[in-house]
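Presented below is the structure to which this report refers.
The values are calculated or read from the model by the stated rules, or taken from the named source; none is laboratory data. What you are looking at is a predicted structure, and each value in this text was computed from that prediction instead of being measured. A quick note on method: Cβ atoms are made from the backbone with ideal geometry, for glycine too, and the neighbour counts reach across all protein chains shown. Heads up: the accessible areas ignore ligands, DNA and RNA and are worked out on the full protein's heavy atoms, side chains in. Shrake-Rupley method; radii C 1.70, N 1.55, O 1.52, S 1.80 Å.
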Amino acid sequence: MEEWMSQQAERKSTAALVAVVDDDPLVRQLFVQALLRKGHLTEGFASASQALQAVASGGHRLVITDIDMPGQSGVWLLAQLQSLPKPPLTIMVTGQDDTRQAIHCLTNGAYDFLLKPVDLVHFVQKVSSALDFIRLAEERRRHQELVEDVAISERWRARQLFLSGIDALIRALEAKDDYTEGHSTRVAVIAEAMAARAKLRPGEVNELITAARCHDIGKIGIPDAVLLKGGRLTTGEYARIKDHPQHGARILEPIFRDMPAVVAAVRHHHERYDGAGYPDGLKGEAVPLYARIISVADAFDAMTSNRIYRRALSGREAVEELQRGAGRQFCPRAVTWFLDVYDEIADVAGGEPWLNMRCERRLEHDIELVLETSEARLPGRLLNLSACGLRVQTALCVAVGQEVRLEMIGLTPIRTLVTWSNPIGPEEATLHQLGLKTIEPSEDYLAYVRSLARPKTERRGRARINYVLPVSLSTAEGVSEQNAVNVSIGGLFLHTRAPLPVGAEIGLRFALPDAGTAPIEAQATVTHRLTVAEALRAEGAIPGMGMAFSALSPADAERLTAFVESRMAETRLRSLLGAAQSRAAAPAADMAAAHRPWRLPAITN
Ligand SMILES: [Fe+2]
Ligand SMILES: [Fe+2]
């Protein structure tokens with residue numbers, strides 16, 4: 001008996017649960033026992049309402065119900081079951097004189113029906129084939145999910161590859177001119193902040209940021225003699241500059257076929273609200289929304305940048321210019337969105353926050369931290385930081401102007417002030433990206449920022465490569481084979497739907513591709529997880545979990561470092577060669593920037 005019970009318990013975790021619903025106790029018992037003898041986990045219920053309650057909360061996959069019962073009938077039960085989020089398969093049992101009722105059930109979602117008197121052998125066969133059907137459907141669903149996962153990853157890789165190339169080109173383009181260095185990033189930052197006021201959805205915000213980041217890519221085709229000319233431009237030279245929106249749209253079109261709004265925003269970012277702009281002379285709301293937003297952000301950044309022929313305007317002077325141009329050069333609503341954002345942040349930061357962005361270098365840095373307000377304490381993920389500000393992703397909902405205490409491992413907690421907050425994700429917005437201004441940053445925090453700013457060779461541990469590496473994962477549940485898609489000396493990122501919670505301790509075993517070396521064995525802790533839904537929302541992320549090594553022998557750490565660095569050097573060399581072929585004049589320092597991952601730009605104050 002004990003053995004039978006333990007077999008049943010074991011089956012419970014894997015087998016489908018069957019519910020038999022019949023008011024006749026003899027029939028019910030007969031059915032239940034016949035199925036139990038065949039090894040199917042089965043429960044009996046005397047009424048439809050009892051069965052519905054259990055099925056709604058119990059994960060039954062198959063229901064066999066008599067149609068004719070006192071109280072609620074089997075037909076009623078079928079209708080209720082069909083409205084559950086995951087309806088079970090239902091087999092109706094009916095008398096010879098009531099086949100019309102059975103056919104009605106079949107057209108309303110029942111899987112099959114049995115006529116009374118029921119032959120037990122036939123009954124068991126029918127249940128077995130229904131359970132086979134369920135298993136097959138689940139296999140197919142799992143397979144589809146796997147295919148979707150792979151498709152997401154592949155799309156992500158292709159888009160990332162292209163965007164990092166575009167990013168490198170933009171950096172190379174802007175680096176030619178001290179006055180425009182960082183222009184596209186700042187325009188994207190401002191546009192992103194305005195997007196919240198324009199009530200854009202998360203997917204739209206991503207499109208807007210991408211368009212803002214790439215808006216001047218068409219300038220790549222303009223000769224330096226024209227682009228960097230200090231004096232007055234001839235008519236012909238000016239005409240060449242005016243071609244850059246169309247060139248940019250042509251460059252981006254092939255990769256953004258599924259995001260035509262990005263291409264349109266680049267093409268039309270020099271249109272004017274009064275129709276006097278270029279290239280198409282669009283007027284008013286006919287100018288695409290993203291282009292109207294970028295136009296304001298672009299003008300503000302241009303006005304507050306120094307030029308050879310004029311000094312930069314102050315933030316306030318530039319704001320006044322925008323106000324004067326509202327309804328003529330600029331969309332009045334876009335100017336209002338800009339002013340809202342500008343005033344809000346200027347009030348909190350007590351100065352000219354946009355101008356500060358120029359002098360402050362932001363460092364991309366991905367670690368876990370804890371955020372605490374007077375009401376709540378939740379984990380978050382650091383996206384980038386500088387001496388005076390940080391960008392963080394978290395589920396904590398905090399208002400602009402509120403104070404937040406940040407805890408990072410090994411540092412004294414620092415106080416910060418929320419300067420902006422953007423919800424990420426669907427309507428319910430479970431995640432937020434916060435811009436935080438540091439309040440009197442501690443000495444060790446500043447030292448930490450300085451250490452990150454050192455050249456990469458001095459902080460080998462932070463080097464990370466995209467590399468598919470088979471890994472054996474040992475947990476309390478057993479050993480499973482997974483693939484790491486990201487490898488660093490500090491940890492791995494596994495592409496998996498792993499059910500492990502953040503903080504779980506796991507054992508890892510993996511071999512580096514160098515022939516003849518022993519596998520590396522390490523202990524690790526899960527630091528963060530990304531579900532398929534989150535990965536889709538983040539556009540460009542891979543679902544899985546990140547983990548940091550908690551125990552790794554010094555010899556293995558050394559081998560891992562050598563491996564990661566050699567791969568990084570290879571990638572860099574390949575890219576430099578490719579870049580040299582396509583743009584012989586490109587300075588090497590610019591192209592090195594191509595290896596920085598494409599990131600959504602951030603604001604620091
Ligand atoms: Fe432009
Ligand atoms: Fe621009």
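Odds and ends about this structure:
- Spacing of the modelled spin labels on R324 and A276, each 7 Å from Cα toward Cβ, amounts to 1.3 nm.
- Placing pseudo-labels 7 Å out from each Cα toward the beta carbon at V124 and L84 gives an inter-label distance of 2.5 nm.
- With all protein chains modelled, accessible area of K38 [1.4 Å, Å²]: 130 Å²
- FRET E, pair Q50, N108, Förster distance 22 Å, beta-carbon r, rounded to 0.05: 0.55
- Sequence ranges 254-262, 232-240, 108-116, ranked by mean other-Cβ count within 10 angstrom, highest first: 108-116, 254-262, 232-240
- Packing rank of 56-67, 128-139, where each peptide gets the mean count of other beta carbons within 10 Å, highest leading: 56-67, 128-139
- Placing a pseudo-label 7 Å from each Cα along the Cα-to-Cβ vector at D98 and F133 gives an inter-label distance of 2.1 nm.
- Estimated D of the stretch 2-118 in µm² per second, where Rh is the Kirkwood radius over Cα pairs and Stokes-Einstein applies at 37 °C, 0.692 mPa s: 228 µm²/s
- Exposure check, 1.4 Å probe, all protein chains in place: L560 carries approximately 0 Å² of accessible surface.
- Normalised per residue, the accessible area of the stretch 2-118 is 54 Å², obtained with a 1.4 Å probe and no contribution from ligands, DNA or RNA.
- Within the full protein context, the accessible area of L52 is estimated at about 30 Å² for a probe radius of 1.4 Å.
- Note on exposure: V55, V27 ranked by accessible area (1.4 Å probe, complete protein assembly) read V27, V55, with the most exposed listed first.
- Between I439 and K116, the C-beta separation translates, for a Förster distance of 51 Å, into a calculated FRET efficiency of about 0.10.
- Segment E481-R140, extension gain: residue separation times 0.36 nm, minus the distance between their alpha carbons: 120.6 nm
- Gain on full stretching of the segment that runs from D340 to K38 - 0.36 nm per residue minus C-alpha separation: 101.8 nm
- Heavy-atom accessible surface of the stretch 2-118: percent carbon and sulfur, 1.4 Å: 52 percent
- Reported to the nearest whole Å, the Cα centre-to-centre distance from the stretch 381-395 to the stretch 210-268 is 32.
- The D68 and E148 beta-carbon pair, evaluated with R₀ = 45 Å, returns a calculated FRET efficiency of approximately 0.55.
- In this structure, the amide hydrogen of A387, modeled 1.01 Å from its nitrogen in the peptide plane, lies closer than 5 angstrom to no residue at least 5 positions away or on a different chain.
- Taking all protein chains together, R28, R140 sort by accessible area into R140, R28, largest first [probe 1.4 Å].
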